[in-house]
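The values are calculated or read from the model by the stated rules, or taken from the named source; none is laboratory data. Fair warning: this is a prediction, and the values are worked out from it, not measured in the lab. Quick reminder, even Gly has a Cβ in these numbers, built from the backbone with ideal geometry, and neighbours come from all protein chains shown. Heads up: the accessible areas ignore ligands, DNA and RNA and are worked out on the full protein's heavy atoms, side chains in. Shrake-Rupley method; radii C 1.70, N 1.55, O 1.52, S 1.80 Å.
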Amino acid sequence: MSPAADSDLSGVRTVRGACPHDCPDTCALRVTVQGGRVVKVQGAVDHPTTHGALCTKVSRYAERSYHAERVLHPLRRVGSKGAGRFERVGWDEALDDIAGRLAAIAARDPQAIVPYSYAGTMGLVQGESMAARFFHKLGASLLDRTICASAGGEALTVSYGAKVGMHVEHFAEAKLILIWGSNSIASNLHFWTYAQAAKRAGAKLVCIDPRRTETADKCHQHLALLPGTDGALALGLMRELIVNDWLDHDYIDRHTEGWPALREKALAWTPERTAAVCGLGAGEVRGLARDYGTTRPAAIRLNYGMQRVRGGGNAVRLVATLPCLVGAWRHRAGGLLLSSSGWFAVDRAALQRPDLLAGRRPRTINMSTIGDDLLRESSADFGPGIEALVVYNSNPVAVAPESPKVVRGFAREDLFTVVLEHFLTDTADHADYVLPATTQLEHLDVHASYGHTSALINEPAVSPVGEALPNTEIFRRLARRMGYADACFADSDETIARAAFGDAIRFDDLREHGWVKLPLPDAPFAQGGFPTPSGKCRIDAPGWGVPDHVPNHESAASTPALAARYPLAMISPPARNFLNSSFVNVKSLRDIEGEPLLEIHPHDAAPRGIHDGASVRVFNERGQYWCKAALSERARPGVVNGLGIWWRKLGMHGTNVNEVTHQKLTDLGRAPSFYDCLVDVSVT
């Protein structure tokens, strides 16, 4: 029995767990087990932010773990790459061959081997612990893990010194909440609970998003700005705060540095100029500024959708400055939350052991440009061509930008690819070996969060299905076969979990209670004290300068000739019942979604002869994908919403939305610009 399991006389056990997925809520779970099988997954009632509720996706987690298509045994490719044809092999045979082939490549240059992983699990044990140790010892290329949040994360670190912000539960006490770039009902359900409590108590909710989301439907006001213009809107708000003297001069003087330079820049952004750039009305800009400048406490829930454009980092820096200008941080229900992950003292050196590099300095591959990088030849600038990929906790063939190039790269017959997976995803179909990995119900892990301030434990509820192994054990076994004798490769999962938070959080407390809340002040920056060298919010930051609006890579303003050929801006927010590419193969959830959809405004559909439900082709010079059109005012005129991320093989004609996205990066954080994309649409 798990150390954190409760049992009744009928033999039913309840085990403490944590949701592993890339979501700010990081829910505490209660997993019910009967007869050695999970029969129910529920939210923990006693956890302060989960409060017993789960999203539709995770409430069906048992369906995913016991899925008929779960990979249960090691598989070796017998067909062409991408065909998904495999034969069953034993663990010893698979690992012996994998280790031998990696060793042969490493003898030439270990940098030709690239790990590729992201947030298939957010766990500190099954994510980057034993895997990182293995690749550090090997001397493989490092991976810049940028695909989701690095633009906003770097921006927040520039401004505040770390990825820190409000306590999510205090949004319930705010009188004004700006929900900026977030469809919270779908992607941040437990924040939405607090926002609804605030609304019932009289707070005004404003949604700022190009798409009229389900969240926008429930807010008092929706500002449907053009993609990539969030920084311009923030500057326009600042201008109104200045000219109407809605500023907290004392807070600015004592707790910020560099405001005069930004003040001068902001004064140029009149409501009319701001409205023209953002596609809003000047009255909307003035009204939002008035609300924000005169309402206390005022809180901003910023999310990562708005930073997936060329100027995403600058935009986050500008928005993060707003609470300092009006002194919103003085109140525990005021300020901003983008990420809380910086509050957690994770001992990554103990987990990942970078000392195993032993002085070597391998190159770094950006995961967001894997399409280009897989097709590069060896050169003095690039280094060796990529000869091997080991993919875990990710599905790059589906999720990486400009997928036609990604597919070409993964289809290379001279590329040796190993994938650790639960299912035969688009990426696994291109693997030489697929190794069965455990799900969250079958292994130990510990978790921080980027949406609240509790650390959590995940106890294994059941034994692994089939021959599945935890990621940690797979890399332990590979390390043994590579002859790595360092003691750290023998660390158990519990040993790793105990080291994750160092002395900051006691593992035994996690095991006893299931979660531990960090001891933080209610209003963390009421008296400044930002984790910057000066303790102040950095506005004019050394090395980064003063933030500004940065136009998109692709837009009518920045690339008029391109916009003439492809006049529609496209964003690709997640479908409500998927989480990136996870859960796409869960039939009950896929049935809810129906088919891949493109939301298009009737004004854009009519001249193209597109009717609701029509099969359409979305295209640009990079590629094309097929889906069904949904004529809807969820799309503003001039912008289409390609809901993702469908597995390619489950989409129409084997395509998904990333056929048309590009690999150009953001201003900060080296991140992809998924929502900075011009297309056109035609009936098929």
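Table for the structure above
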| item | result |
| --- | --- |
| Members of the stretch 27-82 found to be among the hydrophobic types (A, V, I, L, M, F, W, C) and part of a loop (DSSP other than H, G, I, E, B), listed by number | C27, A44, V45, A53, L54, C55, A68, V71, L72, V78 |
| Residue among H190, H222 that alone is in a strand (DSSP E or B) and in contact (Cβ under 8 Å) with a residue 12 or more places away in the chain | H222 |
| Members of the stretch 509-563 that are β-branched (V, I, T) and over 13 Å from S159 (Cα atoms) | V516, V550, T559 |
| All positions within the stretch 235-244 that are part of a helix (DSSP H, G or I) and either in contact with a Lys or Arg (Cβ under 6 Å, 6 or more places away or on another chain) or open to solvent by 10 Å² or more (accessible area, probe 1.4 Å) (or both) | R239, E240, I242, V243 |
| The stretch 635-684, residues that are buried (at least 22 other Cβ atoms within 10 Å of the Cβ) and of a type in the set (K, R) | R636, R648 |
| Residue ID - farthest from V58 (Cα to Cα), chosen from residues in the stretch 193-219 that are part of a loop (DSSP other than H, G, I, E, B) and open to solvent by 10 Å² or more (accessible area, probe 1.4 Å) | G202 |
| The stretch 155-184, subset in a loop (DSSP other than H, G, I, E, B), of a type in the set (A, V, I, L, M, F, W, C) and open to solvent by less than 10 Å² (accessible area, probe 1.4 Å), residue nearest to L668 (Cα to Cα) | V164 |
| The listed residue being among the aliphatic types (A, V, I, L, M) and open to solvent by 30 Å² or more (accessible area, probe 1.4 Å), out of L288, L267, L247, L280 | L267 |
| The lone exception for Y625 - which of (1) of a type in the set (S, T, Y); (2) touching a helix residue (DSSP H, G or I) at 6+ places or on another chain (Cβ under 7 Å); (3) surrounded by 24 or more Cβ atoms within 10 Å (Cβ to Cβ); (4) part of a loop (DSSP other than H, G, I, E, B) it fails | (4) |
| Contacts under 8 angstrom Cβ, first residue in the stretch 36-47 being more than 15 Å from W515 (Cβ to Cβ) and surrounded by 14 or more Cβ atoms within 10 Å (Cβ to Cβ), partner of a type in the set (K, R) and modelled with pLDDT under 95, 6 or more apart | V41/R60 |
| The stretch 307-332 residues that are in contact (Cβ under 8 Å) with a residue 24 or more places away in the chain, paired with ones that are charged (D, E, K, R) and assigned to a helix (DSSP H, G or I) (beta carbon under 7 Å, 6 or more apart) | G313/E154; A315/D230; V319/D230 |
| A232 under 24 Å from Y675 (Cα atoms), part of a helix (DSSP H, G or I) and not β-branched (V, I, T) | yes |
| Of residues in the stretch 356-392 being aliphatic (A, V, I, L, M) and open to solvent by 70 Å² or more (accessible area, probe 1.4 Å), the one farthest from D429 (Cα to Cα) | A358 |
| Pairs where the first residue, in the stretch 132-146, is more than 16 Å from I105 (Cα to Cα) and the second is at pLDDT 95 or above and aromatic (F, W, Y), C-beta under 7 Å, 6+ apart | R133/F489; L143/Y116; R145/Y118 |
| Test: residue in the stretch 230-248 that is modelled with pLDDT of 95 or more and under 22 Å from the mean Cα position of the chain (by Cα) | yes |
| Tally of residues being part of a loop (DSSP other than H, G, I, E, B) and without any contact (Cβ under 8 Å) to a residue 40 or more places away in the chain across the stretch 581-610 | 2 |
| The lone exception for P115 - which of (1) touching a helix residue (DSSP H, G or I) at 6+ places or on another chain (Cβ under 8 Å); (2) open to solvent by 10 Å² or more (accessible area, probe 1.4 Å) it fails | (2) |
| Test for Y61: is it under 24 Å from D426 (Cβ atoms), in contact (Cβ under 8 Å) with a residue 40 or more places away in the chain and either small (G, A, S) or surrounded by 15 or more Cβ atoms within 10 Å (Cβ to Cβ) (or both) | yes |
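A quick yes/no check of all residues on (1) surrounded by fewer than 18 Cβ atoms within 10 Å (Cβ to Cβ); (2) more than 26 Å from the chain's Cα centre (by Cα); (3) more than 25 Å from H167 (Cα to Cα):
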site	(1), (2), (3)
G529	yes, yes, no
T532	no, no, no
P542	yes, yes, yes
V546	no, yes, yes
H553	no, no, yes
T559	yes, yes, yes
L562	yes, yes, yes
A569	no, no, yes
P573	no, no, yes
